[in-house]
Structure formats: C-alpha cells, structure tokens
Protein chains: 4
Amino acid sequence: MPKPPLKVAILGGSGYTGAELLRLLLGHPRVKVTAVTSERSAGADVSALFLHLRNTGLKFELLDLNVLTKKADVFFLCLPHKTSQETAAFLHAAGKKVIDLSADYRIKDPGVYRQWYNTPHLFPSLLKKAVYGLPEIYRDKIKKASITANPGCYPTSAVLGLAPVIGKNFVDPDSIIIDSKSGTSGAGRSPVQPFMFCEVNESVKAYAVSSHRHTPEIEQELSSISGKSIRIIFTPHLMPMDRGILSTIYVRLRKNISLPKVQGLYRDFYRDEPFVRVLENGVYPATKAVRGSNFCDLSVFLNNRGAGGQTLIIVSAIDNLLKGASGAAVQNMNIMYGFDETAGLLTSPPFP
Amino acid sequence: MPKPPLKVAILGGSGYTGAELLRLLLGHPRVKVTAVTSERSAGADVSALFLHLRNTGLKFELLDLNVLTKKADVFFLCLPHKTSQETAAFLHAAGKKVIDLSADYRIKDPGVYRQWYNTPHLFPSLLKKAVYGLPEIYRDKIKKASITANPGCYPTSAVLGLAPVIGKNFVDPDSIIIDSKSGTSGAGRSPVQPFMFCEVNESVKAYAVSSHRHTPEIEQELSSISGKSIRIIFTPHLMPMDRGILSTIYVRLRKNISLPKVQGLYRDFYRDEPFVRVLENGVYPATKAVRGSNFCDLSVFLNNRGAGGQTLIIVSAIDNLLKGASGAAVQNMNIMYGFDETAGLLTSPPFP
Amino acid sequence: MPKPPLKVAILGGSGYTGAELLRLLLGHPRVKVTAVTSERSAGADVSALFLHLRNTGLKFELLDLNVLTKKADVFFLCLPHKTSQETAAFLHAAGKKVIDLSADYRIKDPGVYRQWYNTPHLFPSLLKKAVYGLPEIYRDKIKKASITANPGCYPTSAVLGLAPVIGKNFVDPDSIIIDSKSGTSGAGRSPVQPFMFCEVNESVKAYAVSSHRHTPEIEQELSSISGKSIRIIFTPHLMPMDRGILSTIYVRLRKNISLPKVQGLYRDFYRDEPFVRVLENGVYPATKAVRGSNFCDLSVFLNNRGAGGQTLIIVSAIDNLLKGASGAAVQNMNIMYGFDETAGLLTSPPFP
Amino acid sequence: MPKPPLKVAILGGSGYTGAELLRLLLGHPRVKVTAVTSERSAGADVSALFLHLRNTGLKFELLDLNVLTKKADVFFLCLPHKTSQETAAFLHAAGKKVIDLSADYRIKDPGVYRQWYNTPHLFPSLLKKAVYGLPEIYRDKIKKASITANPGCYPTSAVLGLAPVIGKNFVDPDSIIIDSKSGTSGAGRSPVQPFMFCEVNESVKAYAVSSHRHTPEIEQELSSISGKSIRIIFTPHLMPMDRGILSTIYVRLRKNISLPKVQGLYRDFYRDEPFVRVLENGVYPATKAVRGSNFCDLSVFLNNRGAGGQTLIIVSAIDNLLKGASGAAVQNMNIMYGFDETAGLLTSPPFP
C-alpha cells in the first residue's frame, strides 16, 4: 500500500538553500533524496559542509546531467542564473520535473529578464510554460507544472502582503513603497567581505536602492494580480541576523476605508491557506515568530495622519530560507505530486 | 487500530522550556496536549505569549491540581523548585506520571538538596523512587518510572561528555574541570536586567564560579557512573546567543593512551544512541550544528603538552532547550510509554 | 590660565543615556561631573551599575534638588517626562542651565504635548523659552538657551535627513514616509520582557505604527523648517543590535531634479557641520560606521520607477545614544558655554 | 613650545588592527599618520575600506620601503609573519623604530619559531634585540627598544592573568589550563567561509585545541616570569561577537591560601598600572565592560571542591583589538617615545 518514494535530486546543493532543502527533504515522508551536487565539494560527504546533517549516506557529486537524469524524478535547481536556464531545459527535454530556485524562469518577459540579468533567455517557449510557484496565487497551475519557477524571497514577502488588496479600487497602484529588512543568509554562503561576521554584526544598512533584481519580479506579479501595470519603489536592507524578511509596505488609499474591513479582506483571502497567518488586530509580525517555519505572518494598519489621505501599512514576515526559498520549493513539490501540501513542512517555528 | 492519543499537560508553560514542550508535543504523532498552565497569563490564548504558536486552540489555565488531574495522563512540570516537589507528589498520589523539569527530584541525597536549594525535601521516599532521566544511562529504569527527574542542561552536556571514560582506570577522577558556555535562554523568560539584550549582546562573562546549583548534580551522576566519589570544578559562562551549551571538559590521564583508542570508547558507548553523535577525528562540535535539535555532538582530543602528562579534552554541544530540557523530556516520555524513542524529535537542526 | 572646570550634574543617570553622558563628560576637557543621581541605586558606586566605569570616585545620590542646586552649574536631565518638567522649572528658577533629554520641553504646543504624553504641561512660558537642541538648525539660539530640549533619537535622524530639502518647492510635503530601524538601547535599561535578549535577538519587528510619540516632534520640526504644516507617516522598527538608527525616508518630488543637484544641496547645507557627513554618490550609510560616535551619515538616492514620478530616498545613520541623545547633549553644552563644539566628542567610531 | 608631531606609518593597514591603529593614531595628540599601506587597495582613500573613517586625507599606498622609510619615524607592522621579519629588519637597518604586530619577533627561540610558524627566522640577532611589548612586565626595556614585538591577543589575556602568581611557590606550574573565548575580529578581515556572519552567529565552538600558535608564546612568557619551564593547556573558542577575549584560567594550588591574600597579590602587582583593573571581590569581568578600551579587567576566585585541593580560577577580559593588539601598540609607542603612557588611549569603554 505505501507507494515507493519519489526520487528527488538537488543540483547546486552546497549553499544555505541547499542545506534547507536537504533538511526538509530528508525528513519528508514521501520522498527519497538520491543525489545532491556541488562542483567544488564533489566527493565529500554531506556532513563535511553541513556539520548539522550527519549520517545521511549522501555525498556531493558533480553536475553530470546524463548521469543525474537517471537518478531522480524531480530536480531542485539551486544553480546560478543562466546555468539554471540550460539545466532546466535539458531536464525538461528528458521528461523530468523541475523546481527552479534561481530567477531564470520567473520573469515572463525575456526583454525584462535580459535587462536585469544581463544575459538573453535562450528558452522563451519554456519560459512561457513555466509556472510562477506562489501557491497562494497559482495553485491550480502548479498542479500541472513541469517547470515551477520558485519565487524570490523578497517577492514572496511583498506579493503575499499586497495580493488581497492590490486589485481593489480603493488602492492607489502608483504609490507602492516596499521597505524590506532581510537576514544575511539570503546573500548565500560564498565568502565575501561584506557578509563577514564583523561587517554585518551590530549594523543595519540599505543596499541596491531602486536597483535590486527582485524589483521587476514584484512588479510582474502585482501587475498580473491587479490587471494593471504597476511600478514599485523597493528598498532592501541588510540586518544582523541569520534569517527572516520583514517587509513594511506602504500604499496610499484612494478613498477611506475602515481597518476592520481591510482586515476582513485579508482573512477572507487567506482563509484556507495552510501557511499564511493573518494576525489579530494590533499584533505585530516578528521574523522570530516564523523562523525555521514555512509560515508568512501578516498584519495591516491604517495611517490617517498623512496630508494626502489614508495610507495602508502592511507588515509581512517570512523566513527567507523557508517560505522565501526551500520551504516554498517543497510546498510546490507537494502540490505538483498531489501530496498533502503541508507534508514535511508542518513544524512550528522553534522559539526563541 | 490507531490508539487514542496520550493526554499530556504542561504545568508552568509560559517560559522558554514550556514553549519548546508545546512545540514538540503539538507536533508529536502520539499525544494530545490537553492543558497548559500559567498563573500570570491564565485565560490568555497560547499565541498571546507565544507569537509563533498560533491556532493551537489552547488557553493558559490556572494551576488547579484537582481539575488538572482529570485532564491528562502525564504531566510535564516546568515549575519553580519546591512547587515542583509538592505538585509531583500530589500527581503521583493520584496515579499520574510525572516528568519534572525542575531540580526537585534530581538530587538523590536530601541533605545535598537542602544545602544547594535552601529548602528541605519533603518527599524523600518519592525521591528514592524517582529516576534520573538521562536515557543514555538509565533507559531501563526510565521505562518503568512514574516520576522522571529531567536532567539539568549543564549536567546533560557534562555527563554525556564524561560517561564513556569516567569509570576507566586511566582517568584521574580528581582532576575534572568543566568549562561551559551557554546561550541565554537557559536563564528563563522573566525580565531581569542582566538578561536584557543590551547587557548580553557583544559580551561574554563567567558567573556562579564554583557555586552553580548544577555542580552537585554533575558530581552525583559522575560518582554514580564511576562508582567513585567525584568532586568537580565547574564554571558556567553566559554567551550572546539564544541557545546552545558547549562544554569543554578537561581530565588528566593517569597513564598514556592513544586518541583512536579513546575515540573508540566513545563510539562504542554511543553506538546505538539515536541522539548522541560522536564526530570524526578533528571535527569540532558547534552549538549551531545542534540548534533546534535533540542531538548531543561530541568530540575528543588529547593534549600532550602539560608537564603533568596527558590531558583528555572533551567537547560536547547540545541545544539547552532540547536535549538540555524539553527535548529530553519528550524523549523520556517516549521511553516511559513505549513509543518510538525518536517520535516527535527526529528533525535535523535548521542551519544557519 | 586654565579656567576652572564647569560643574555638571546628571539627574537620573542609571540608564544607558546616563552611562554615555558619564563616559563623555568624564573625558571632557572642560567639565567636572559633581553629581549623578539614581533613586534606586542611591549610595552605590557608579561602577556597581556600570562595570565599564571604574575609579570615577562618583556615587549615585538621591534626587534632592535643594542639595543638588549647589553642586553644579549645568544639569543634564535623564528623567521620566513630567518629572523632568518640574525639575527643569525648579533648576531654572534657581538660575541653573538645563539640558533636558526627556521630551518635556520639545513639543512647543502644550495641547499637542498633552495629547501625546497624557499629562498637561505646567510651565508653558518656560516651554516657550526652551530651545530645541538641534545645533544644525538652531545653533544661534542654543548659544543663549537656558533650557535646551535635547531632541529625540528618531527625530534627529529624520530631521537631519530632510532639512536640506524640506522647504524646497520641488518636494511634495504631503508624501513623507519615514521608515526607521533602531537598536535596542533606545528602549532603556529597565527590565521588561520584550527587550530580553532572547526576544530581540534574531528578530526584526515594527512597533507603534503611526502612534510613536516622536511623530509630533518630527512634524513640528519639519513644519518649522519648511514653513508649511507637515504630517508624516512614521514607522519605527526594532533591530537585534545595541545601538544605531537607520532611517530610510521617502519623499515624492513635484518636478524632476537630477541626483547631483540634490546631492549638492546636502553638501552645501552641511558644509561646515562637524558631525554630519554627506557620503559620496552611491555609498550607503551603515549604523556600524557611526557606532560610538556623534556623527550622522547621510546619503541620497533618486527613484525613477514609480508611476507617480520621481521619489527622493534619503538614508541617515546615527548612534541613538550619541548623536541621538548623550552626544547631542554634550554638543549642546559645548555651544551653550562657548566651548569648542567638538570638545569631548571627536573620537572616530571604533570598527568593527 | 609644542613639539612637532612624531611621524608614524602603518604597514598593512587594511584589516581590523589597521583600522583601530588608524583610529587611535588619528586621535593621538602627539603623532601624525603619514602613510598607510595596502597592496590590494593601493590608491584608494582610507574611507573606501573604512566607512567610519572619513576626511582623513589619507590614501592607501603600496609597500615600497625605500619610499616609506623617508616618510615616518616609527612603523607599525600589521603584515603577515615572514614579511614582517624582513620588513622590520630593513627598517631597523635604516634607523627606524618598529612596533611589530605580527608574531615574528615574539618567540625568542628561533627553533620554536620555526616549529610553529613553518619558516626559519632569518634575523636571530635582531630577535635577541627585540623586546616583548607587554608594558606591565617589560616597561623599562620597552623604553629603549628599537623593535617592539607586540604581544598576541590570547597571550596578553593569559599572561596578565597569571603574572602576579605564576612564580609563587603555592602554585603548581604544571597544572595550568587556559580556556579562552574570543570575538571574531581576531580572525582578520579576509573573507573565508568559517567567519561569515551565518556561520559564526548563534554558535560557539572550540578550535585549534592544543595546537594554536599562541601556545608557545604564552609558555615563553610564563616561563620567563616564573623562572621555571612551563607548559600549558590552551583551548581557544570562537564567540558570536565582534570583540573581546575572556580567558578563564585554572591553576592548582600546592598549599591552601585565602582568597583575600590572592586578591592582595593582584592589587599590589597592578597597583600603578593605568590599564589593568582588578575587580572587587565577587565581581565578574565581562568583555563588554572593556569593549573599545585598552583596559584589562581581572578577577580571581578560589575553588575548594576539587578532590585534589584548592584551584585558583582567574578570569581576565580584554578587547582583542585594543589591549590585545592596536591599543597595546600605541601604549608601547607612548613608552618608547616618553609620551604619557595613556596618551590617545584614555577613553572609557562605551556601553552598551
């Protein structure tokens, strides 16, 4: 009666998203990890890079697609953009399913992709086929997807925060400011000076003001949901902590509305979602309350001070490595294979 | 075929160990949390104190033993010492099983207990019955225990580090120094100035040098395992982090021995233990590698420099809230009820 | 030839701003600290509360104004609001100068004060006399002030960020959003659960959205500088670090302007300021680069994406305990007494 | 009347010790920094690497000794070992004074140096001439030194902790265990994975057990002070903080002695020292209390539990970048040039 486990492989698994994918998939009741690759650490036991993961029996191997294709049914891609493009295309041609954690299949317009990622997209027809993997918006499409483009961490926090109201007529779509605060793990595990402990600790800074690559991704999704062409102002900040994104989102309202009414919209929108928690009136999301879990916590506030009328302030909190990356990827796999959507993901966050 | 879940209650559940017990028990496949108490927060939803635990359907209630006795089969006590003494006695008389996370049933000698805790032990016969809940040493006794005294966090890290060698004739039992480094959650959740963020952050300090209450507990267990009367030097330190205890343990050797031989002793001793991981030669335990998990990571080193001969250096790492408190408590429950010993506990640590 | 030192007293000196005032004034070439008060710690040596300040020869004493009046020429008030009101009035009547670090003499309109601080202002005529102690704006008035109202930490970061452009006609004064990120020391040293290490560490959260008491203070100053009635949107956030405020400020522009032109306005405005540093084009302020110093680092950016036209993004960084509190207080004293404005303040920040 | 400033150069100034040397020397009343070198950043303004140091007028330059020799009177060397050896020799031959922050002139025995640093010492006669720059022990020699070997950070914390008692007959010199906890800045600024934020944060680990290069340096100094050949056990640990070393030192006593008597020895030994503070009975040193200052805080405790008799426990705290590196270097310069020993160093630590 128990079905044989789904065979999964992680390509480019030596970074922090790879670590979390491994952790989640090793504990998942329906899958078996059959391969994990790392060009630099091929041959090494997983524990050599991940001291916390011991006795897995897994060694890193080289990215040899001919070999790997035979080993698994579904492939998680944690590869650099461009490499991901080609790898996804190869695996797709071989009849495999792909969940791509890079940005390569997220931006639907190849021109926009080229502009922000400085490289052409060589598989525009595949791009059209790929589904943007935000289950709260595209669950039905993800069910049938063969390539799922796993969303970026900032876009997840921003789009989940805005989705319930972005298309509404009381919202001014030209006024959106997204001020995001992120932990350091989003920057990856490669050693560079700005992410050394002594540089990050006891410091907060903005970076990539108005030029972060997640900007067009957020704009694409907000435009798609609202049916309007939306441009945003997006400012990411680096925080002295491992994990977590808190996005504080400001939207002007065109006409006044009551807070309970807005809160009602959020509760309705996310009523059946297993991973989105709309907090009680006046309760502030904190990244620590979602740390280590796949939850997105949301709260909304109204500001009546501004001379320009009411402003809606939405605060969203996610763990950038879970709901913002590897957790969402597992959620997408669960949907693509008809597993319980929460399988392998239903741990509460550990606190503190 | 599926049996009805075991009904469990947590008494004194508003602190950090309560939070972890709740998290672990809510995710445990064989139990149902039927009550959790807090004198100060009675009536409040669990989420009011624990922002990370939502939709549990649980409210804190007052500690009314007549009411509570009917609600559960097994009781986790996170109460202050002395209160725990009496509560455990009451519940035991009512035929309930108790897992006591306080120190009240750990110290077997009532005189020693009185000396260190400044209060007499009023139930010396129960004390005799209670089992010290360190599964790696007392698994068989725990199976039949009605009161399990869950070990202290420092003692767990120290005793697991020393157990494989403490009785051996090549070890000098009069030379043990335990230098422990602990995260801040061990100090509890009550607001006191020394544990404010700005006091702890960016600082390391020793405290309670030679006077910490875990000293007699460590000595009792080392004496019991070795069959010798052992006194130790124990220095705890406070670290700027939430969780984790790293204990660096120094023991002089009476005669020379090779490192592989010592390592072999450790591997043999813990061969079948699900939660103790003896690391490869030269690999250093890190608290981050066990953070959020029930593992204890161990590594041993030999120092040949000292003029007094060889010294064995043992480094152990645990999460003080898991293997050092709530995780161990769940492990003990699993043993007491014949569940799979790893039920509800087999998550790998999230990293980073 | 060397003049006798100015005698200074610190009232309410047992918190973090008191600690920094003591440190700065003990190292100041022109002053002598003659008294420091603390109700709870009266009689204790300063080192009992401040382990870092040893051999000062100072003991905390009770707040007895009749005694204290004779001891010093200038008084730094780190008292709760309301107490500060009355204490300043008493000292003023006794012919003493006052630098008030509370909010009591900042808000010029007694009605606004009453609304936000829930208590009437009993000395409205003194309020009129008091000077808002932001040297970059009010230096000439501070020179002659007898009561200087030392600015709040958030207002300092916000007002210094906006002052060079707020009155300009290309700026839309109804569009100001101030998203501030603060270290924990701003919350003071009294033990309360939300500021315990394990609550703050590894977490980011917003608080007091649209309701923080610094809101009317910022509005007052922006209105005063611009000559327009300005209302703002202000969202403070709590960061897992000791010190530092980073404010990210968004202002819509009414007509397009070039970045070099805006940068020129900032450089001109702050050309002769010893403590404001306008960073090179593209360089991001970081709180760590001002930690432990009295500097305010500023950088400006233009966003051209928004559908509503250009938005100016200003980022400012200060140390909340220095330029945001005690450093500014010493700077104000230097101005009031004709000392070199940088006396006792010209240390570069230690890094890291 | 004011003398022309002493001209100082920093060779290899782009790391954390370089940053602190620059900060201290730029604020020093008697010196002028005339050059600072960095091979990788030659040509860049100092602020490009050190955001906190602005408007210094200094640019990094290449290490060209013929050019540099003409520029300064005294040279601070923050170069890798071996390079430092040769550079010091060249500058010495040119009649310049050298303060070497590398290990090259610390180890007096060329054989020991070769064994631990894997390279021969090419200037053994200079090595003999060089003075170990620990002012509390060698002040008179430093006054006349032309090459001062600035001590390592761990050795400073250990030797200052042991110096008052190491030669005493009540101490067992064969029993010394030094368990040190260090912040991350000691590891330097070069980007390597183990010192990335996400690797260090929320973690504690031991490293280089019994094999750290500071071991022979500590042994040399303890042997020299005591007149006995001393071997130690030294275990360094990495802490999640920027700065600070706390060393917990265990020494067995040969005969019993009272705590007040030992405390008296410490107070006497350091009575006139401007930078060593012996704390009151029962007060625990904390690295935060010396952070950003040149102080070393010391406290002693007696343990009477151990079966082997009394053990003395000494706890010492320093800022590894100040008293453990750049602060000590400036102190040494002050001594070498007859300046007030505390010039440029007498800031109290900022707290928190």
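The values are calculated or read from the model by the stated rules, or taken from the named source; none is laboratory data. The structure presented is a predicted model; accordingly, all values stated were derived computationally and were not measured. Heads up, the Cβs are rebuilt from the backbone with ideal geometry, glycines too, and the neighbour counts pull from every protein chain shown. Accessible surface is based on the protein model in full, side chains and every heavy atom, while ligands, DNA and RNA are left aside. Shrake-Rupley method; radii C 1.70, N 1.55, O 1.52, S 1.80 Å.
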**Request:** Among the residues of the range B:221-231, write down those that are more than 7 Å from every other protein chain (Cβ to nearest Cβ) and either over 15 Å from the mean Cα position of the chain (by Cα) or within 24 Å of D:Thr287 (Cβ to Cβ) (or both).
**Result:** B:Leu222, B:Ser223, B:Ser224, B:Ile225, B:Ser226, B:Gly227, B:Lys228, B:Ser229, B:Ile230
**Message:** So, A:Asp174, is that one of a type in the set (Asp, Glu) and either buried (at least 21 other Cβ atoms within 10 Å of the Cβ) or not assigned by TED's automatic domain parsing to the domain that holds A:Tyr270 (or both) or not?
**Reply:** no
**Asked** Just for the range A:324-349: of the residues that are open to solvent by less than 10 Å² (accessible area, probe 1.4 Å) and polar (S, T, N, Q), which one is nearest to the other protein chains (Cβ to nearest Cβ)?
**Response** A:Ser326
**Fill in**
By residue number, the members of the range D:46-88 that are open to solvent by 10 Å² or more (accessible area, probe 1.4 Å), away from every other protein chain (no Cβ under 14 Å) and of a type in the set (A, V, I, L, M, F, W, C) are D:Leu62, D:Leu63, D:Leu65, D:Val67, D:Cys78, D:Leu79
**Selected residue (criterion: modelled with the highest pLDDT) from residues of the range A:299-318 that are open to solvent by less than 20 Å² (accessible area, probe 1.4 Å) and part of a loop (DSSP other than H, G, I, E, B)** = A:Gln310
**Residue list for the range D:191-219, restricted to those being farther than 20 Å from D:Tyr154 by Cα and more than 10 Å from chain B (Cβ to nearest Cβ)** = D:Pro191, D:Val192, D:Gln193
**Message:** Just checking, does the range A:288-306 include any residue being away from chain C (no Cβ under 13 Å) and among the aromatic types (Phe, Trp, Tyr)?
**Reply:** yes
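Based on this model, can you work out whether A:Leu321 counts as surrounded by 23 or more Cβ atoms within 10 Å (Cβ to Cβ), within 14 Å of chain C (Cβ to nearest Cβ) and closer than 29 Å to C:Arg252 by Cβ? Walk me through it before giving the result.
On the way: surrounded by 23 or more Cβ atoms within 10 Å (Cβ to Cβ): yes; within 14 Å of chain C (Cβ to nearest Cβ): yes; closer than 29 Å to C:Arg252 by Cβ: no.
Answer is no for this residue.
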**Request:** Take A:Thr156 and decide whether it is more than 14 Å from every other protein chain (Cβ to nearest Cβ), part of a strand (DSSP E or B) and either at pLDDT 95 or above or on the phi < 0 side of the Ramachandran plot (or both).
**Result:** no
**Message:** One residue is enough: does the range B:6-29 have a residue meeting the conditions among the charged types (D, E, K, R), more than 23 Å from B:Ala328 (Cα to Cα) and open to solvent by 40 Å² or more (accessible area, probe 1.4 Å)?
**Reply:** no
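Does the range D:190-201 include one or more residues that are of a type outside the set (Val, Ile, Thr) and under 20 Å from the mean Cα position of the chain (by Cα)?
We begin by selecting, within the range D:190-201, every residue of a type outside the set (Val, Ile, Thr); these are D:190-191, D:193-199, D:201.
Right, trim to under 20 Å from the mean Cα position of the chain (by Cα) and you get D:190.
Yes; the residues of the range D:190-201 include at least one that is of a type outside the set (Val, Ile, Thr) and under 20 Å from the mean Cα position of the chain (by Cα).
Please specify each residue of the range D:8-56 satisfying the condition of being under 19 Å from D:Ala187 (Cβ atoms) and of a type outside the set (D, E, K, R). Reasoning before the result, please.
Kept after step one, since they are under 19 Å from D:Ala187 (Cβ atoms), are these residues of the range D:8-56: D:12-21, D:38, D:40, D:49-50.
Matches in the range D:8-56: D:Gly12, D:Gly13, D:Ser14, D:Gly15, D:Tyr16, D:Thr17, D:Gly18, D:Ala19, D:Leu21, D:Ser38, D:Leu49, D:Phe50.
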**Fill in**
Reported set for the range C:232-278 where residues are away from chain A (no Cβ under 11 Å) and in contact with a Pro (Cβ under 6 Å, 6 or more places away or on another chain) is C:Leu265, C:Tyr266, C:Phe269
**Prompt:** Restricting the search to the range A:3-24, which residues are touching a residue at least 60 places away in the same chain (Cβ under 8 Å), within 11 Å of A:Phe76 (Cα to Cα) and among the aliphatic types (A, V, I, L, M)?
**Reply:** A:Val8, A:Ala9, A:Ile10, A:Leu11, A:Leu21
**Message:** For the range D:139-169, give me the residue count where each residue is over 26 Å from D:Ile99 (Cβ atoms), touching a helix residue (DSSP H, G or I) at 6+ places or on another chain (Cβ under 9 Å) and open to solvent by 10 Å² or more (accessible area, probe 1.4 Å).
**Reply:** 2
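Being facing chain D (nearest Cβ under 7 Å) and closer than 23 Å to C:Phe197 by Cβ: is that true of B:Asp174 here?
Values: facing chain D (nearest Cβ under 7 Å): yes; closer than 23 Å to C:Phe197 by Cβ: no.
No.
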**Message:** I'm told B:Ala187 meets every condition in (1) facing chain D (nearest Cβ under 9 Å); (2) touching a Leu at 6+ places or on another chain (Cβ under 8 Å); (3) aliphatic (A, V, I, L, M) except one. Can you identify the failing condition by its number?
**Reply:** (1)
**Looking only at the range C:89-114, and only at residues there that are touching a residue at least 60 places away in the same chain (Cβ under 8 Å), of a type outside the set (A, V, I, L, M, F, W, C) and open to solvent by 20 Å² or more (accessible area, probe 1.4 Å), the one that is farthest from C:Val165 (Cα to Cα)** = C:Lys97
**Request:** State yes or no: is D:Pro352 within 14 Å of chain B (Cβ to nearest Cβ) and more than 16 Å from C:Asn55 (Cα to Cα)?
**Result:** yes
